[in-house]
Amino acid sequence: MVDSERLYLGVERDMARRYGKEFGTDAWQKMMGLKPSEGMRVFVEELGLPLTPEQALAMRDVEMRKKYREEAEPMPGLYHILAAFDGKLRLAVCTGAQREFMDIVLDRLGVRRKFSVLQTADEIERGKPDPGVYLACCAKLGLDPRACAVLEDCENGALAAARAGCYTIVVPTEHSKGQDFSCADCVAADLFDAEKHISSLLRGQ
């Protein structure tokens, strides 16, 4: 729904510089899509920071609250794809972020009522690329994963969806476009393109 990685990247680079470190692309790519606690473990270990993952996460959360409230903007085509399937398909949010941040985004964008299920990382033991978050979401929807299509934007998320057995459509962002999406069923140019693809699936084409 939003390019959250852009927001996270800015915050994490600032955090690293406080300790005289540079947050590089390799570490960042490993973190994309992971559960917050798991991502911060990678962050601390890769940069050799004098922090626990819990301390780093608490620091990041303070800044991310501000970022989400002030800078989260809809990805191009978000309102279009929601309008296209509103009332036609059961829609769900299945995010690796914690519920607090999901709530901020849903309310900022004004799209909460569009979704029948909201699934966050708080409710699962292991984050993406483990399929648990998608299996939990499908269970709440009351649907077999094979009857569900997932929109993802990064490799770890796509792996989680594919491993769950969902039809996986990737819409890469500027930051994830170089990742390996060979596990996906479709790589779409944007959300407008994804809407066309899903509509063609529904028509049996």
15 Å cut-off, amide nitrogen to a point 7 angstrom out along Arg69 Cα→Cβ, residues in segment 95-132
100-109
On a full-extension model of 0.36 nm per residue, what is the gain between Glu100 and Asp190, subtracting their alpha-carbon distance, rounded to one decimal in nm?
29.7 nm
Over the chain, what relative contact order in percent results from Cα pairs under 8 Å that are six or more residues apart?
18
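To the nearest 0.05, what FRET efficiency results for Ser200 and Arg126 with a Förster distance of 41 Å applied to their C-beta separation?
Numbers: r = 34 Å, r/R0 = 0.82.
Calculated value: 0.75.
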Reciprocal mean inverse distance between Cα atoms of segment 4-71 - Kirkwood radius, Å:
11.8
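Where does each of 130-136, 59-65, 87-93, 157-163 land if you order them by average Cβ count within 10 Å, highest first? Please report the intermediate quantities before stating the final value.
Details: 130-136: 20.9, 59-65: 16.3, 87-93: 14.3, 157-163: 25.6.
My ranking of the peptides, most packed first, is 157-163, 130-136, 59-65, 87-93.
Would you kindly calculate the mean projected area, averaged across all directions, of the convex hull enclosing the Cα atoms of the chain, in square nanometres?
Values: hull surface 42.9 nm².
If I average the Cα hull's projected area over directions, I get 10.7 nm².
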Can you tell me how much longer the chain between Asp61 and Glu45 gets when fully stretched, taken as 0.36 nm per residue apart minus their C-alpha distance, in nm with one decimal?
3.9 nm
With just the Cα atoms defining each centre, how far is segment 142-189 from segment 81-119? Give it in Å.
17
Looking at the chain, send over the antiparallel percent of its DSSP beta bridges, to the nearest 5.
10
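Counting pairwise Cα distances across segment 38-140, what percent come out greater than 19 angstrom? Provide the component values of the computation, followed by the final result.
Working: 2835 of 5253 pairs.
Everything past 19 Å amounts to 54 percent.
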XL table Lys114/Lys140; Lys66/Lys177; Lys88/Lys128; Cα-Cα > 20 Å flagged, in table order, is Lys66/Lys177; Lys88/Lys128
Cβ-derived FRET efficiency at R0 35 Å, Ala83 paired with Ser182, nearest 0.05:
0.65
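If packing is taken as the mean number of other Cβ atoms within 10 Å per residue, what is the order of 139-150, 27-38, highest first? Walk me through the numbers on the way to the answer.
Numbers: 139-150: 15.7, 27-38: 20.2.
Highest-to-lowest ranking by the protection proxy: 27-38, 139-150.
Readers should treat all values here as calculations from the given coordinates under stated rules, not as data from a laboratory. If you're wondering where the values come from, they're calculated on a predicted model, not measured in any experiment. Cβ atoms come from the backbone with ideal geometry, glycine included; neighbour counts cover every protein chain shown.
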